[in-house]
Amino acid sequence: MNKTIYMISGPSGVGKSTTSQQLVQTLSKSAYISGDDISHIPVNGRGKPWLCKETYDLTWKNILSITRNLLEQDYDVVIDYVTFPSEVEWLVQQLSNLEYQVVYVVLLADQSTLLHRDQLRPADQQMGERSLFLLEEFKMCSELKERYKLYTQQYSREQLCEIVEDILHNPRLIWEGGFPD
């Protein structure tokens, strides 16, 4: 098994995109999928994926199709999107006929770090309270094993390479499937 899907998750403002973009640059044959960009492909009639099941389902179907195509062409795939264990499991099941491994990491930070990072974004991209809601959702997710969590508040942008190295080489982040007992 030589291809890997890297699923970089976490609440808004935690550093998913920054980390994912750095990670994809370290891989020799790689592709980057922004779940946010995929969810914005439909222009008119699109709902917010966290409020509209139709948009949510379509986003994941599109992520699946693109991921499948890339794996079949021997690409490593970096998926940057808010992803819970049930979505990882679904994707793995949909791709069961292919050989690959999944590295799943949920980036987390404390509330003040999230709000600070969110305020550094352009105004039209700020998520505000949505970041804190997602943080709580990840904290309360009983399916999320501690092994997949990586806390980022102690890292500066200059230390991003350390996070990427951990993602690349830490075996605890390899998806083993299933949920905690």
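The table below lists the values:
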| item | result |
| --- | --- |
| Lys, Arg +1 and Asp, Glu -1 on Cβ, resulting dipole of the chain about Cα centre, debye, nearest 20 | 220 |
| Per residue solvent-accessible surface (Å²) - the chain, probe of 1.4 Å | 53 |
| Tensor-based shape of region 1-128 (alpha-carbon gyration tensor, a/c under 1.5 rounded, otherwise prolate or oblate) | oblate |
| Accessible-area composition of region 28-178, carbon plus sulfur, in percent [1.4 Å probe] | 50 |
| Three-way shape label, region 72-149, alpha-carbon gyration tensor, a/c 1.5 | prolate |
| Segment Arg121-Tyr100, length gained on full extension (0.36 nm per residue, minus Cα span) | 4.1 nm |
| For the chain, built as a Gaussian network whose Cα springs stay under 10 Å, the top-fluctuating residue of Val105, Val24, Val43 | Val43 |
| 12 Å reach of a label modelled at Ile174, 7 Å along Cα-to-Cβ, counting backbone N of region 83-120 | 100-104 |
| Relative contact order (%) - the chain, alpha-carbon pairs under 8 angstrom, separation at least six | 34 |
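The values are calculated or read from the model by the stated rules, or taken from the named source; none is laboratory data. What you see is a predicted model, and the numbers here were worked out from it, not measured in a lab. FYI the Cβ positions are ideal-geometry reconstructions off the backbone, even for glycines, and counts take in every protein chain you see. Side chains are part of the model used for accessible areas, which takes the heavy atoms of the whole protein and leaves out ligands, DNA and RNA. Shrake-Rupley method; radii C 1.70, N 1.55, O 1.52, S 1.80 Å.
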